[in-house]
Amino acid sequence: MNLKKKINLRRTFGIISHPDAGKTTLTEKLLLFGGAINEAGAVKSNKIKKTATSDFMEIEKQRGISVSTSVLSFNYLDKKINILDTPGHKDFAEDTFRTLTAVDSVIVVIDIAKGVEEQTEKLVKVCKMRKIPIMIFVNKCDREGKDPFDILDELENKLEFNLSPVTYPLGIGYDFNGIIDLLKSEVIFNNDKLKKIELGSLINNSSKINERIIKSLNDDLELIDGIYPKFNYSKYLNCEIQPVFFGSALHNSGISLMLDYFVKYSPPPGKKEAVERIIDPEEEKFSGFIFKIHANMDPKHRDRLSFIKIVSGEFKRNNMYYHVRGKKKIRFSSPNSFFADKKEIIDKSYPGDIIGVHDTGNFKIGDSFSEGEQIEFIGIPSFSPEHFRYIINNDPLKSKQLSKGINQLMDEGVAQSFTLKLNGRKIIGTVGVLQFDVIKYRLQHEYGAKCSYENINIRKACWIDEINSDKKQLQELFVHKSKFIAFDKDKKVVFLADSDFTLMNTKQKYDKILFYEKSEF
Ligand code: G4P
């Protein structure tokens, strides 16, 4: 089979949701329907329980489990499906943002009772910014929830979606009897004995279902027909239209309909932008990038697993590839592929696939690999952390270990580090307070370094484009606001504001300086 065919058979996507909406359950059911696992419960939940905020080791253990669930691959019909796991917990939102650089589309899961929640809003924003095609699964229709129309309204208003319903529930909660395939005008009942019938025969002969449900269904269907646009493939690919599905992951309802539709319409691996040029997956030469690094929590095996998304060409085990940032040739002798919930060594891989490679601390998130060409993929920016603290070395004899540990943990993307221009003090910035404990624990157990933290009044980090900003204003800023100026780990200049007010004032006063909310501009 040629490369083009192989690419067209691959679908790499992420499932995103607010915690508890049913992402893990849906993932598992997709695997069950795909025949990749035989029983429910085989996929370990990667979710971090809310109660565990103080027990960070427990969290790391749970994250350890997630190595095997970071990528779940299975074959369905003629396609190879790769599901990339995205933590729902907001303290690990950076992880999810980065994983979204490696997907070709997403499925958003919504809890019908809770509607659009905070984390969903944030993640959808990122997907839209990156023009990632989106499908929506409204879950838990077996529970008393909102009226489906209210949910559709909420999705349109809060997420600015242009919806195209593909399925619709036959009743909600106690009344939930099945799913209607709007494209085929068929009803698929939850009760196996009733199975599938034509929608028309249900409406004209309602002996099977309560009349009240049929009446309200009739009204709803008329509205759907009148209000919502029909699916349009190119609009979906451009993120201008979002197909929406209803169902219950727990009760296997509406899943196979969505899976069949997904396999038919979701995009295969596409082109990817690099600093130098746009890379086409069909190019013969291999290229790829690291979007996730997973540390081994076992101190006896200090290696890490880096996840590479293959962008173009054919990847071959034991070939020499060029590590662009390290300017070195590297051989991957035991790359892993992921099938269902297992991982195994593979010889070849293709665009869209994810491979896991072991390393001992040479790789960083965002690193690119090629067959020699200088390719630096873009689209893995850092966003401003939400919590900042000074990090203090508690054992002066171990300062080397501390600095190595901090650097490696930052390369893994656990948090961000900044160095104040004024006095060289190190600041750690995290998305959730949890990571401070994780960093402290890991520095001690993996690097033998002891640290503590000191509070600092910073609210937001803003990156400054040093090259294109006005030089005179920059000089003034460095003098007058010196206590706010720092460098990130890549030596980029960052303004660390103590309040939104300071930031706004500074931007107004230094209007020829280019401030950015993310590290890539
Ligand atoms: P997450 O990964 O998005 O965080 O959610 P997860 O799948 O773990 O689901 C969260 C809870 O919602 C689970 O219950 C799960 O069983 C339940 N759930 C998922 N889909 C449905 C559905 O379609 N209908 C109903 N009624 N419930 C659903 P839990 O009690 O928190 O966990 P568990 O003890 O069942 O694992």
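Among the residues of segment 127-141, the one identified as open to solvent by 50 Å² or more (accessible area, probe 1.4 Å) and in contact with a strand residue (DSSP E or B) (Cβ under 9 Å, 6 or more places away or on another chain) is 128. Taking the criterion of being open to solvent by 10 Å² or more (accessible area, probe 1.4 Å) and within 14 Å of the ligand (Cβ to nearest atom), the residues of segment 94-115 that qualify are 113, 114. Looking across segment 332-367, the residues that are open to solvent by less than 40 Å² (accessible area, probe 1.4 Å), small (Gly, Ala, Ser) and more than 18 Å from the chain's Cα centre (by Cα) come down to 337, 340, 349, 361. Scanning segment 218-260 for residues that are surrounded by fewer than 21 Cβ atoms within 10 Å (Cβ to Cβ), of a type in the set (A, V, I, L, M) and more than 16 Å from the ligand (Cβ to nearest atom) gives 221, 223, 224, 227, 237. When 34, 41 are checked against the criterion of being at pLDDT below 90, within 12 Å of the ligand (Cβ to nearest atom) and either open to solvent by 60 Å² or more (accessible area, probe 1.4 Å) or in the same structural domain as residue 91 (by TED's automatic domain parsing) (or both), a single residue qualifies: 41. So for segment 482-494 (the condition being acidic (Asp, Glu) and within 25 Å of residue 399 (Cα to Cα)), does at least one residue qualify? Looking for residues that are acidic (Asp, Glu) and within 25 Å of residue 399 (Cα to Cα), one finds at least one in segment 482-494, hence yes.
Residue pairs whose Cβ atoms lie under 8 Å apart, separated by 6 or more positions or on different chains, with the first residue in segment 250-276 and over 13 Å from residue 136 (Cα atoms) and the second assigned to a helix (DSSP H, G or I) and open to solvent by less than 40 Å² (accessible area, probe 1.4 Å), are 252/29; 265/236; 268/7; 269/7.
Any idea which residue in segment 134-162 is farthest from the ligand (Cβ to nearest atom), counting only those that are under 23 Å from residue 25 (Cβ atoms) and touching a Pro at 6+ places or on another chain (Cβ under 8 Å)? Looking at residues that are under 23 Å from residue 25 (Cβ atoms) and touching a Pro at 6+ places or on another chain (Cβ under 8 Å), I get 152. Of the residues making up segment 1-31, those that are in a helix (DSSP H, G or I) and within 8 Å of the ligand (Cβ to nearest atom) are 23, 24, 25, 26, 27, 28.
The values are calculated or read from the model by the stated rules, or taken from the named source; none is laboratory data. Predicted model, so just to flag it, every value in this text is computed and none were measured. Cβ sites come from the backbone with ideal geometry, for glycine too, and all protein chains shown count toward neighbours. Protein only, heavy atoms only, side chains kept; ligands, DNA and RNA dropped before computing areas. Shrake-Rupley method; radii C 1.70, N 1.55, O 1.52, S 1.80 Å.
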